[in-house]
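Novice: Can you read through this structure? Questions will come right after.
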Amino acid sequence: MTWQLASHQWPGSAQAIQTSSESVLNQVNGVMDSAINNVKAIENKVAFARHPLSNDAESLLANRLQLEALLVQGQILCVHPYQHQVGSKNDNGDHLSAPVAVQTLANKLIDVQDDYLPAGDLFVQGIMIAEKNMNDFALHCQQLCNVLPIPELGLVARRCNQALGQAQSKLIKPLPIVQPRFKPLAPINVDPLRQVLQYQGGQVAQLESIAGDKQTPVQKLQAVAGKRNAQLTTWHDALNQLKNSNVSIYQFSATGNASVISTRLAQSSMPGHDHTYTFAALFISTSPLTFLLELFA
């Protein structure tokens, strides 16, 4: 086969899709105008009232401000066995005892070389998981991460589970993968096909929406009401599940400047050195940490 001179032209396959789609879509404006005119004709005969709970809901809109007030600005300082120059490593894995973790946090609060050292009057809420074996440590880290998704805590949970898995299969050596690697299956979206999918895909989506319009307005309202009730039930159950979490941790609360809190932290009582698997974190803010203080009361 020889190379032949060719010029750009719009694909007939794409034009056929557009022509067939617009045979229906071009009539949408006229149909909508007709429907609006029909509604206007009976506007004076039908009472369109607000939702019966609208006034009650409007009086509670301040809840949004109260909720946002719980999301204070601050810093999270974490220590765990897998941090460089914090944890220790031996033949049995990575370790960090509870007293070392607390002393590390106390020392960091007086590290004047750190440009981001918090200043002024501070509110501090500390949490700590201290266990004697990795199985309990991994379990409790994952449970706490489900309630407080701190990135460092998620990392610790994954590293623990990875270490536990390696301990069970460390004698198995998998075969190396041959290079190069296959990429996952994905649509071959190359211009101008990407733009075709964007615009004509929108037209097809409108066709699908119109074709799916098989319910009367009353049936649609019933469906919307059902979805709202289901969603409210889901939110209610999810909140209650968070409330019923059985996470057990050690907690520490203090106020003052960084130096004062460092001293109080160093003098605090804590589990002993036999708790060799420890994750500890300090939530530090210049605003009261009301939600965390109540969460770990």
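Novice: Tally up the residues in segment 205-219 that are over 32 Å from the mean Cα position of the chain (by Cα) and touching a residue at least 24 places away in the same chain (Cβ under 8 Å), please. Break it down stepwise before answering.
Specialist: Filtering segment 205-219 down to residues over 32 Å from the mean Cα position of the chain (by Cα) leaves 207, 210-219.
This time we only want the ones that are touching a residue at least 24 places away in the same chain (Cβ under 8 Å), so: 207, 210.
Count: 2.
Novice: Assess whether Lys89 counts as being of a type in the set (Lys, Arg), more than 30 Å from Phe123 (Cβ to Cβ) and over 34 Å from the mean Cα position of the chain (by Cα).
Specialist: Working: of a type in the set (Lys, Arg): yes; more than 30 Å from Phe123 (Cβ to Cβ): yes; over 34 Å from the mean Cα position of the chain (by Cα): no.
So Lys89 fails the test.
Novice: Quick one: Val24 ticks every box in (1) in contact (Cβ under 8 Å) with a residue 40 or more places away in the chain; (2) surrounded by 10 or more Cβ atoms within 10 Å (Cβ to Cβ); (3) closer than 30 Å to Tyr116 by Cβ bar one, so which box is it?
Specialist: Among (1) in contact (Cβ under 8 Å) with a residue 40 or more places away in the chain; (2) surrounded by 10 or more Cβ atoms within 10 Å (Cβ to Cβ); (3) closer than 30 Å to Tyr116 by Cβ, Val24 violates only (3).
Novice: Give me the pairs, please: first residue somewhere in segment 220-233 and closer than 18 Å to Ser209 by Cα, second residue anywhere and surrounded by 10 or more Cβ atoms within 10 Å (Cβ to Cβ) and of a type outside the set (D, E, K, R), beta-carbon distance under 9 Å, and either six or more positions apart or on two chains.
Specialist: Ala223/Gln215
Novice: Right, next: Could you grab me the full set of residues in segment 87-103 that are at pLDDT 90 or above and surrounded by fewer than 21 Cβ atoms within 10 Å (Cβ to Cβ)?
Specialist: So in segment 87-103, the residues at pLDDT 90 or above come out as 95-103.
Within segment 87-103, His95, Pro99, Val100, Gln103 meet the criteria.
Novice: While we're here: Within segment 75-100, take every residue that is part of a loop (DSSP other than H, G, I, E, B) and small (Gly, Ala, Ser) and give me the one that is nearest to Arg158 (Cα to Cα).
Specialist: Keep residues of segment 75-100 that are part of a loop (DSSP other than H, G, I, E, B), which gives 80-87, 91-92, 96-97.
Within this subset, residues satisfying the condition of being small (Gly, Ala, Ser) are 87, 97.
On the way: Gly87: 16, Ser97: 19 Å.
Selected residue: Gly87.
Novice: Follow-up. Keeping to segment 104-147, report how many residues are among the hydrophobic types (A, V, I, L, M, F, W, C), surrounded by 18 or more Cβ atoms within 10 Å (Cβ to Cβ) and either part of a helix (DSSP H, G or I) or out of contact with any helix residue (DSSP H, G or I) (no Cβ under 6 Å at 6 or more places or on another chain) (or both).
Specialist: 12
Novice: Is segment 61-74 home to any residue that is under 30 Å from Pro217 (Cα atoms) and either assigned to a loop (DSSP other than H, G, I, E, B) or out of contact with any Asp or Glu (no Cβ under 7 Å at 6 or more places or on another chain) (or both)? I'd like the intermediate steps shown before the answer.
Specialist: Of all residues in segment 61-74, those under 30 Å from Pro217 (Cα atoms) come to 61.
Pick out the ones that are also either assigned to a loop (DSSP other than H, G, I, E, B) or out of contact with any Asp or Glu (no Cβ under 7 Å at 6 or more places or on another chain) (or both) and you get 61.
For segment 61-74, residues under 30 Å from Pro217 (Cα atoms) and either assigned to a loop (DSSP other than H, G, I, E, B) or out of contact with any Asp or Glu (no Cβ under 7 Å at 6 or more places or on another chain) (or both): present.
Novice: Same structure, new question: Hey, can you tell me all the residues within segment 121-149 that are β-branched (Val, Ile, Thr) and either at pLDDT 90 or above or at positive phi (or both)? Steps first, answer last, please.
Specialist: First, pick out the residues of segment 121-149 that are β-branched (Val, Ile, Thr): 124, 127, 129, 147.
If the condition is that a residue be β-branched (Val, Ile, Thr) and either at pLDDT 90 or above or at positive phi (or both), then Val124, Ile127, Ile129 are the ones that fit.
Novice: I've got another one for you. Could you tell me which of the residues Gln206, Gln198 is of a type in the set (S, T, N, Q), surrounded by 10 or more Cβ atoms within 10 Å (Cβ to Cβ) and at pLDDT below 80? Working first, answer last.
Specialist: On the way: Gln206 fails: at pLDDT below 80.
On inspection, the qualifying residue turns out to be Gln198.
The values are calculated or read from the model by the stated rules, or taken from the named source; none is laboratory data. Small disclaimer: the values here were computed from a predicted structure and weren't measured. Note: ideal-geometry Cβ built from the backbone for every residue, glycine included; neighbour counts use all protein chains shown.
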